[in-house]
Amino acid sequence: MNIILDRSIKKPLYKQIVGQIEKDIASGELSPESPLLSERILARKLNINRSTVVTAYDELEAMGLVVRKKGSGTFINTDIWGIAHKRIPNWGRYVEDGSFHPNLPLVQRLRSETQENKIINLSSGELAPELLPGEQFTSILKEHSFNERLGYDHPLGNETLRYTISKHVQFYKKMSVQPDSILITSGAQQAIHFIIQCLLKPGDAVAIENPSYAYSLPIFQSAGIRTFLLPVDEHGVNPDDIISLQNKHRIKMLFLNPDYQNPTGVKMSFERRKRILEISSVYGIPIIEDDPYSLTSYNGQIGPTLKSLDSSGNVLYISSLSKIVASGLRIGWIIGPENVIHRLSDAKQQVDFGHSVFPQWVASQFLDSAKFAQHIINLRGELKARRDIMLEALDDLSNHTFNYYVPEGGIHLWCKINQEVNEFQLLERALQNGISFVPGKIMGSEKGYVRFTYGRGEKQSIHEGISRFVQALQSFNE
Ligand SMILES: Cc1ncc(COP(=O)(O)O)c(C=O)c1O
C-alpha cells in the first residue's frame, strides 16, 4: 500500500486514501490475500490522525470494497474480488465526483413540481402554451416545402437562418451583422456555456448582476470561475461598481442582461449603457450582452442594445427565440468577432456537430414571414395584460405591502415581500397551496425577495396564484 497524500489540494485526506485504495484494488495492485495496513500503522506512516484512516476504511466498507473483521483487521472483499471483471461501479460516487456541477436541489425540485399540471406555475421562465405560435407553425408546414439537405449542417449553423437573423437584428435592433459573425446555438444557455468554456479559464474573475439569472447557473462553478456581484437597481447595474470590482479583482468578463433583466425586469438606462461601454474600452473588459427579452418591449421601442452602441468590438451579443417564439425550438445565437465565433463553433462541433436542421428551417421561415411581426405585436399585448393582472393582484391581496419594479417588457416580476420569513419554507408552503415561485436567494439576492413569472401560467390563474401565495405567506403569522 503506497499511499501518497497531497495536502495542497482541496480534496479531504480520507477521500484521497479511499481513491487510491479503490484504484489499487481495481488495478489488481492490492490482492485479497493481503490485508490492508491497520488503522494505527497507516496513520503513523502517513503522519495523520487515526480517525482519518478510520473514516476512509468506513467509506471503503460502505462501498462494499473491504470487510472489517473484528480483532483481525481490514480485508479486501473477496466476494467482489471473485467476480473481478463484473464489479458494479459505485454510481453514487461517480455522480458526486464529476466536474460538472448539478443544479441547486431547489431548482431541481421546482422543475419537477411544475411538471405537475395542478400547480399554478409562476416560476418557469418561459411562455405559456397559449402564447406559442403553434398555429402559425402548422401553416408554415402546409405552405412551404422542406428542401434542406439533411446531413450535418454548416459549422456556424444553417446559412439561411443566419441570413434571416442578420436581417432580423438589423430591422429590430439596428445591428449591422454579417451572417458569418453569427453562430447558432441551442438556446442562449448554450451560448453562455461555450463562452465560459472556451474564453475563460479556472481562476478567472467575472462580474455578474445581482440578482441575476446567471447566478442561478452552476456552470461558472463547474468551470472554476470566480463570480463577483454587481447590484442591480431600477436603472440596471451601476458603472462605478464595475470599476471597484476591476480594481479589486481584475475582471476578465462582464455578463449583463440589460433589457427586462431576469429576474428584476428592469431596463438599463441609456446613460449607463454608454458609461459601461466606455469602462469596457478603457479597461479592455469584454461584455457578454445576454438579450433574450428586448423584443417583448410593451411599447414596441427597442434598444439601443450595447452591441449596437459598441464601436470597438467589445461586446459579444447573445439572443434566442425562447422568450419571443418558443423555448422548445432551442434556437439561440451569438454575434461577435469572427475569430471568436469560429472558436465557439469549433466547440459546438465537438459537443453536438451543430444544431438540428429542422428547427432551424422552421425558425427561419417564421422569422422571415409577416406572421412573426404580427406574433410579436400580439405577444407584447398579452404579456402586458398579464403583468397588469399580476400587479393588481399583488396590490389588492397584499394591501400594498409588497414592493416591485414595474417591468415594461419581459415576463418576470421581482417582488420584495417585506416580511421576515425563510423563503425556502415559504416555497414549501406555497407548493402545498398549489403555486410555485422562485425564491430570490436562488438568483443571488438578499433575503425577502421572490420572482414571479407572469408569462408562463394561464392568464386566468394569475390572480388565484397570487392569492395562494399570500395565504402561504400569512400562514407564518398564525
Ligand atoms: C437572461 C437569460 N439568459 C439566458 C436564458 C436561457 O434561455 P434559452 O432558453 O435561450 O437557453 C434565460 C432563460 O431563462 C434567461 O432568462
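The values are calculated or read from the model by the stated rules, or taken from the named source; none is laboratory data. Here the structure is a predicted model, which is why all the values come from computation and not from measurement. FYI the Cβ positions are ideal-geometry reconstructions off the backbone, even for glycines, and counts take in every protein chain you see. We work out accessible area using only protein heavy atoms, side chains counted, and drop any ligands, DNA or RNA first. Shrake-Rupley method; radii C 1.70, N 1.55, O 1.52, S 1.80 Å.
General observations
- Once the Cα atoms are used to define both axes, helix 462-474 deviates from the longest principal axis of the chain by about 50 degrees.
- Amide hydrogen proximity for F228: with H placed 1.01 Å from N in the peptide plane, the residues at 5 or more positions away or on another chain lying under 5 Å are V206, A207, I208.
- Dipole-positive endmost among N90, I120, V66 within the range 1-134 (Cβ charges, Cα centre): V66
- The residues neighbouring Y163, those whose beta-carbon lies less than 15 Å from its own, together hold a net charge of -3 under the Lys/Arg +1, Asp/Glu -1 convention.
- Restricting the range 224-300 to GluC sites (Glu not before Pro) in coil, as DSSP defines it, with at most 16 other Cβ within 10 Å: E234
- Straightening the chain between E135 and D6 buys 40.3 nm, computed as 0.36 nm per residue apart minus the Cα-Cα spacing.
- Dipole in debye (nearest 20) - the range 125-242, about Cα centre, beta carbon charges: Lys, Arg +1; Asp, Glu -1: 420
- Table column - 3J(HN,Hα) (Hz), the range 136-152, Karplus curve with 6.51, -1.76, 1.60, x for Gly and Pro: 4, 5, 4, 6, 4, 5, 6, 7, 10, 9, 8, 10, 6, 5, 9, x, 4
- The range 135-369: C-alpha gyration tensor shape, a/c 1.5 cut-off, then a/b vs b/c: prolate
- Prolate/oblate/rounded label for the range 271-361 (Cα gyration tensor, a/c 1.5): oblate
- Only one residue of P218, G410, T138 has its Cα farthest out toward the positive end of the dipole of the chain, where Lys and Arg carry +1 and Asp and Glu -1 on Cβ, and that residue is P218.
- Label-to-label distance, E392 versus S99, with points set 7 angstrom from Cα along the beta-carbon direction: 5.4 nm.
- Amide H within-cut-off set for T185, under 5 Å, with H built and near neighbours excluded: G332, W333, I334
- Summing Cβ point charges (Lys, Arg +1; Asp, Glu -1) relative to the Cα centre of the range 135-369 gives a dipole of roughly 280 debye.
- Taking the longest Cα principal axis of the chain as reference, the axis of helix 187-199 is set at about 50 degrees.
- Sites S312 and K70, calculated FRET efficiency, Cβ-Cβ separation with R0 56 Å, nearest 0.05: 0.15
- Counted charge near H249, where neighbours are those whose Cβ lies closer than 14 Å (Asp, Glu -1; Lys, Arg +1): +2
- Summing +1 for each Lys or Arg and -1 for each Asp or Glu among the other residues whose beta-carbon sits under 12 angstrom from that of L132 gives -2.
- Accessible area of the chain belonging to carbon and sulfur atoms, whole % at 1.4 Å probe: 50
- Length gained when the stretch A62-S27 is fully extended (0.36 nm per residue, less Cα-Cα span): 10.6 nm
- The packing ranking, built from the mean of other Cβ atoms within 10 Å per residue, places the peptides 158-169, 340-351 in the order 158-169, 340-351, highest first.
- Computed on the Cα trace of the range 353-478, the radius of gyration divided by the Kirkwood hydrodynamic radius gives Rg/Rh = 1.09.
- Lys, Arg +1 and Asp, Glu -1 on Cβ, resulting dipole of the chain about Cα centre, debye, nearest 20: 1100
- Relative to the longest principal axis of the Cα atoms of the chain, the long axis of helix 159-173 lies at roughly 60 degrees.
- Near V66, the amide H atoms lying under 5 Å from its own belong to E61, N77; only residues 5 or more places off or on other chains count, and H is placed 1.01 Å from N.
- Long pairs among K142/K384; K11/K252; K15/K252; K274/K348; K23/K69, criterion Cα-Cα beyond 24 Å: K142/K384; K11/K252; K15/K252; K274/K348
- Overall form of the range 135-188 per C-alpha gyration tensor (a/c, 1.5; a/b vs b/c): oblate
- Per-peptide average of other Cβ atoms within 10 Å, ordering 461-468, 67-74, 125-132 highest first: 461-468, 125-132, 67-74
- Counted residue by residue at 0.36 nm each, then reduced by the alpha carbon distance between them, the extension gain from N147 to Q178 reaches 8.8 nm.
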